[in-house]
Structure formats: C-alpha cells, structure tokens
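The values are calculated or read from the model by the stated rules, or taken from the named source; none is laboratory data. What you are looking at is a predicted structure, and each value in this text was computed from that prediction instead of being measured. Cβ placement follows ideal geometry from the backbone for every residue including glycine, while neighbour counts extend to all protein chains displayed.
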C-alpha cells in the first residue's frame, strides 16, 4: 500500500528539480526573513525607538532596516542606524525577499498563463525583474 | 497547449471551499500587493525628484499603511503556518485547527496595529 503523499517526509518526497528546490527555498527564506525582521525590530528597540518613533516608523525599519526609513523621526542622530551591520542586514533581507517574491509571482502567473511560450516569457521577465530589483535595491541601501 | 479551465473567473471567485480557501486567496492578494508596492517603492526611491516623492508620498498615507500592513502581516502569519505544516507534514491533519490559531493571532495583532496607526494619524 502506498502512503499518502502528504505524510511523506521531505527526504522521501525528494528534491530533484528546480520547482521542488524553490518550493523548499520559499519556506526556508520565510524563516530567514522572520529572523532578520525580528533582529531589526529588536535592534530598533535597543537603539531607542520607544521614545523617538511612532509605530509605522518602527515597522518600516523592521521590514527594511535602511537608514532612510528613520530619517523623518525624532531621533537626535541616525549614525548608529547606518552602520555596516544594518546595511548587511538590509542587503540580506532584500536579496531573500526579492528571490522569494519574484518566484512567488511566477507561481501566481503560472496559474493564469498556461501556454509554453507565455511561461517562457514569464520566466525571462522574472529573471530581469529579480536582477534589476536586487541591484537597484543594493545601490539604494549602500548609498543612503 | 495550455490547460483547459472548466469554470469562469467569476465562478472561481465565488467558490467557497474548505477553511484553506480564504487564506489561499488572501495570501495571494497580499503577496502580489507587496510585490507591486515594493517594486514601485524601490523604483520611486531610485528615480527620486518630484515623481519619486509623489509616489513615496502615497506610502506615508495612513489608509495605504493599513492596507499594506494587512498584506504584510497576513502574508507573514499565513506563511509561517504554511512553513510549519509543510516542513512537518504530519501536522497537516490539524489544518483547520492551525487556521483557527492563525486567525486568533492575526486579528488581535492587526486590530491593535490599525488602532495605533489611526491614533497616530488622526490624533496627531
């Protein structure tokens, strides 16, 4: 008797092709983003967010710890918010989120665009979008 | 050749499946919403000037903040539920319970956030 597929372990289901690897990547990158967002949120509270920022500002920082996101707050100085540590955290979050998000858009598009040619265009566009967003985002993080 | 669909889009939208259906469609709306928002936000910040400022101005509006926070928070909480259940597939037997827990986490967190955003935006 064959086991129900949903109760098979990850190992038994196998990770042979690109789609299966991206399926796992989507879930692991979600956990990675949770870690980075909680790290940024904790960092904001340690650096004095409680008395100088409103809720929306703290959330903006947590989801993308880039110094331009806290420039309109009551902070006396944003120096500690622009260290390489935060730029690296922001870069990691950007790259994870872009890969996770662009692949997600491809999955959504595949539900509506079912032709072979259309799907090839979707993939081409997705690679262009992912490269462009990663590069522009990194440029913004490291120059702001 | 593409797949053949047996139902129209309007029939599809009116479909009410078991518990997972609402979370599925909200996860999708949240994901696409964030994709559009982040892409436009990155481009607007890159272009800068009056055009970029006008686009980024929309994002500081409280109504937009509530919408995008719904997308982000729901996508994050639902995504964590999907991740946990997919990495530990034995738990899939408790899918309806997991979705109830998910709403029990999402509704208070989102409600409190909306209250705080509105208080800051309208109360000054």
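Worth pointing out:
- Unique match (being out of contact with any helix residue (DSSP H, G or I) (no Cβ under 8 Å at 6 or more places or on another chain), within 12 Å of another protein chain (Cβ to nearest Cβ), under 30 Å from residue A:131 (Cβ atoms) and at pLDDT 90 or above) among B:36, B:29: B:36
- Taking the range A:21-37 as the range and being within 11 Å of chain B (Cβ to nearest Cβ) and in contact (Cβ under 8 Å) with a residue 12 or more places away in the chain as the test, the residues that pass are A:24, A:26, A:29, A:30, A:32, A:33, A:37.
- Residue match in the range A:39-48 (condition: on the phi > 0 side of the Ramachandran plot and at pLDDT below 90): yes
- Failed item in (1) modelled with pLDDT of 90 or more; (2) loosely packed, with under 14 Cβ neighbours inside 10 Å; (3) over 19 Å from residue B:70 (Cβ atoms), with residue B:98 passing the rest: (2)
- Flag if residue B:105 is touching a helix residue (DSSP H, G or I) at 6+ places or on another chain (Cβ under 7 Å), within 9 Å of chain A (Cβ to nearest Cβ) and at pLDDT 90 or above: no
- Taken together, the residues in the range A:2-38 that are assigned to a helix (DSSP H, G or I) and modelled with pLDDT under 65 amount to 4.
- Taking the criterion of being within 17 Å of residue B:33 (Cα to Cα) and in contact (Cβ under 8 Å) with a residue 12 or more places away in the chain, the residues of the range A:95-109 that qualify are A:97, A:98, A:99, A:100, A:102, A:103, A:104, A:105, A:106, A:109.
- Boolean, residue B:122 is more than 7 Å from every other protein chain (Cβ to nearest Cβ) and more than 21 Å from the chain's Cα centre (by Cα): yes
- Residue identified as surrounded by 13 or more Cβ atoms within 10 Å (Cβ to Cβ), more than 13 Å from chain A (Cβ to nearest Cβ) and over 24 Å from residue A:29 (Cα atoms) among B:58, B:117, B:66: B:58
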